[in-house]
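Trainee: Take a look at the following structure, please.
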Amino acid sequence: MDETLVTYSGGCHCGAVRFLVAALKHEASDCNCSICKKKGFLHLIVPPERFTLLSGEDVLTTYTFNTGTAKHTFCRICGIHSFYRPRSHPDHFDVNVRCLDDYAISQFQIVPFDGVNWEQNVHLLGDESNLSI
């Protein structure tokens, strides 16, 4: 896939949470860890300057577990996990590609990630902050 910066809109199921994300590398990780597998999260990790929360800050709630580093945010109205702050890149945003509008998922290559063995594989998780625009 071409590495061109593209801005996508997205949000939760009920529409209370809305955001914009600018993607450069159209690749999403499909993690098999316990929480990602149950949520169906497809990861697009971006630096904060490429993520804008448009609405819904007041309806977001946060779940943490294990180390407490990851801040798993979700809409308290519909329960959808549109984005969060990941343990691997706690200063970035991790957007669920499944929550992007207009079938944007079709623009992404989905790459498996072995999150069951997270400690051994975390170095393989990429983010877009080291890519040039």
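Trainee: Counting only residues that are of a type in the set (A, V, I, L, M), modelled with pLDDT of 95 or more and within 16 Å of the chain's Cα centre (by Cα), how many does segment 60-78 have?
Mentor: Our first condition is that a residue be of a type in the set (A, V, I, L, M); within segment 60-78, this holds for 60, 70, 77.
Narrowing further to those that are modelled with pLDDT of 95 or more: 60, 77.
Among the residues that remain, those that are also within 16 Å of the chain's Cα centre (by Cα) are: 60.
Going through segment 60-78 one residue at a time, the tally reaches 1.
Trainee: Kindly indicate the residue of segment 1-38 that is within 21 Å of LEU124 (Cα to Cα) and of a type in the set (D, E, K, R) and also surrounded by the fewest Cβ atoms within 10 Å (Cβ to Cβ) among those meeting that condition.
Mentor: The selected residue is ASP2.
Trainee: Suppose the filter is closer than 24 Å to THR7 by Cβ, surrounded by fewer than 21 Cβ atoms within 10 Å (Cβ to Cβ), touching a residue at least 24 places away in the same chain (Cβ under 8 Å) and polar (S, T, N, Q); does SER82 pass it?
Mentor: No; evaluated as a whole, the condition is false for this residue.
Trainee: Within segment 102-118, does at least one residue satisfy the condition of being part of a loop (DSSP other than H, G, I, E, B), touching a Ser or Thr at 6+ places or on another chain (Cβ under 9 Å), surrounded by fewer than 15 Cβ atoms within 10 Å (Cβ to Cβ) and not basic (Lys, Arg)?
Mentor: Yes, because at least one residue in segment 102-118 is part of a loop (DSSP other than H, G, I, E, B), touching a Ser or Thr at 6+ places or on another chain (Cβ under 9 Å), surrounded by fewer than 15 Cβ atoms within 10 Å (Cβ to Cβ) and not basic (Lys, Arg).
Trainee: Look through THR69, THR64 and report the one residue that is farther than 17 Å from GLY11 by Cβ, surrounded by fewer than 16 Cβ atoms within 10 Å (Cβ to Cβ) and in contact with a Pro (Cβ under 9 Å, 6 or more places away or on another chain). Working first, answer last.
Mentor: Details: THR64 fails: in contact with a Pro (Cβ under 9 Å, 6 or more places away or on another chain).
Residue meeting the stated conditions: THR69.
Trainee: Taking VAL46 as meeting all but one of (1) within 16 Å of VAL97 (Cα to Cα); (2) buried (at least 17 other Cβ atoms within 10 Å of the Cβ); (3) free of Cβ contacts under 8 Å to residues at least 60 places away in the same chain, write down the number of the exception.
Mentor: Result: VAL46 fails condition (3) only.
Trainee: Looking at (1) more than 11 Å from the chain's Cα centre (by Cα); (2) in a helix (DSSP H, G or I), can you tell me which one ARG98 breaks?
Mentor: (1)
Trainee: On to the next question. Taking segment 39-81, which residues are in contact with a helix residue (DSSP H, G or I) (Cβ under 6 Å, 6 or more places away or on another chain) and part of a strand (DSSP E or B)?
Mentor: Of everything in segment 39-81, those that are in contact with a helix residue (DSSP H, G or I) (Cβ under 6 Å, 6 or more places away or on another chain) and part of a strand (DSSP E or B) turn out to be LEU42, LEU44, CYS75.
Trainee: Can you name the residue in segment 1-38 that is of a type in the set (A, V, I, L, M) and in a loop (DSSP other than H, G, I, E, B) and, of all such residues, is farthest from PRO90 (Cα to Cα)?
Mentor: If we filter segment 1-38 for residues that are of a type in the set (A, V, I, L, M), which is where we start, we get 1, 5-6, 16-17, 20-24, 28, 35.
Filter again for in a loop (DSSP other than H, G, I, E, B), leaving 1, 5, 16-17, 24.
Numbers: MET1: 27, LEU5: 22, ALA16: 24, VAL17: 20, LEU24: 19 Å.
Result: MET1.
The values are calculated or read from the model by the stated rules, or taken from the named source; none is laboratory data. Keep in mind the model is a prediction, meaning the values are calculated, not measured. A quick note on method: Cβ atoms are made from the backbone with ideal geometry, for glycine too, and the neighbour counts reach across all protein chains shown.
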